[in-house]
Amino acid sequence: MSLFIRKLLSLLVHPLSLGLLLVGVGGLVALGWRRIGLSLVLGGAVVLWGFSTPLVSDRLRGSLEARHPPTPIDSLSSAEAIVVLGGGISSPRPPRIHPDLNDAADRVWHAARLYRAGKAPLVIASGGDQPWQNPRVQEASAMEVLLRDWGVPQDSILREPRSANTYQNATRTARLMDRRGLNCVLLVTSALHMRRALAVFRSEGIEAVPAATDFQVDNRNQTLLDVLPDAGALAGSTAAVREYVGYLVYAWRGWIDRPAPVAETTEGRCVATVPVSNR
């Protein structure tokens with residue numbers, strides 16, 4: 001099955017698509033079976049309303065982000081490289097002449113911050129574009145531009161520009177690292193995405209330590225407004241549902257939880273075998 005078809009089918013589990021599908025099918029079914037049709041319409045409305053509330057959205061995202069809470073840079077061990085995953089920026093397509101940053105651009109900024117703190121001598125930018133897009137436009141190249149702007153020297157940046165999903169991030173980065181004799185990395189991605197990304201990288205035999213960033217949920221008092229629909233909350237719920245479903249699909253396909261020949265490691269630490277000095 002092509003990547004395009006898989007992406008298309010994955011939309012069916014998104015709250016917006018699922019809710020609209022239930023409402024649409026329910027409306028048609030109601031023409032012949034009124035009670036069943038109205039039940040489907042009501043179910044679709046409940047899905048749309050529920051996943052659109054900040055209350056549900058924060059609970060879903062928070063359940064993923066809490067697995068890898070913010071870690072002070074000083075508490076992270078040194079590594080052989082920092083791997084930063086794409087998904088935070090878009091390449092400069094006309095009429096833009098500079099990379100376009102989205103909410104997840106914290107990933108690239110955090111990787112640069114870790115490098116400047118002397119946590120690793122290399123930064124690996126892993127990210128391509130979907131195969132149906134312009135193959136000359138690669139996210140890794142745009143990430144490289146930002147890394148240089150934020151203080152990472154050109155000769156300290158490696159690009160992995162061909163991956164189109166998290167699994168390819170891991171497999172293609174693993175090959176790049178193997179050619180250079182690297183194994184111990186700090187893995188930088190959004191906290192929401194870290195559970196799946198870390199599992200895939202470790203399944204590929206990479207000694208990866210999570211360095212999560214781009215936290216979306218904060219501690220705040222809930223109000224009655226949290227049970228009212230909000231477009232941002234719906235987007236947040238969709239991202240969380242996509243991560244939960246993605247993890248299950250990756251496990252089913254055997255891309256995670258496989259035995260991995262990982263060297264001595266503990267959560268939050270790894271053993272660097274090359275000198276680290278960027279200060």
* To do: Tell me, yes or no, whether segment 84-102 has at least one residue that is under 16 Å from the mean Cα position of the chain (by Cα), modelled with pLDDT of 90 or more and under 12 Å from L186 (Cα atoms).
  => yes
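Report whether or not D129 is part of a helix (DSSP H, G or I), under 21 Å from the mean Cα position of the chain (by Cα) and in the same structural domain as M143 (by TED's automatic domain parsing).
Numbers: part of a helix (DSSP H, G or I): no; under 21 Å from the mean Cα position of the chain (by Cα): yes; in the same structural domain as M143 (by TED's automatic domain parsing): yes.
So D129 does not fit the description; no.
Residue by residue, here is whether (1) more than 29 Å from P121 (Cα to Cα); (2) touching a Cys at 6+ places or on another chain (Cβ under 8 Å) holds:
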{"site": "G24", "(1), (2)": "yes, no"}
{"site": "V29", "(1), (2)": "yes, no"}
{"site": "R34", "(1), (2)": "yes, no"}
{"site": "G50", "(1), (2)": "yes, no"}
{"site": "P70", "(1), (2)": "no, no"}
{"site": "S77", "(1), (2)": "no, yes"}
* Just to be sure, is S90 among the polar types (S, T, N, Q) and within 21 Å of Q168 (Cα to Cα)? -> yes
* Structure fact -> segment 1-119: helices (runs of 4 or more DSSP H) wholly inside it with 1 or more residues that are within 21 Å of G236 (Cβ to Cβ), without any contact (Cβ under 8 Å) to a residue 40 or more places away in the chain and not polar (S, T, N, Q) are 15-29, 34-51, 54-65
* Structure fact -> Taking segment 200-218 and keeping only residues that are assigned to a helix (DSSP H, G or I) and among the hydroxyl-bearing types (S, T, Y), one is left with S203
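The values are calculated or read from the model by the stated rules, or taken from the named source; none is laboratory data. As the structure is a computational prediction, the values presented were derived from the model and not from experiment. Don't worry about glycine lacking a Cβ; one is built from the backbone with ideal geometry, like all the others, and counts go over all protein chains shown.
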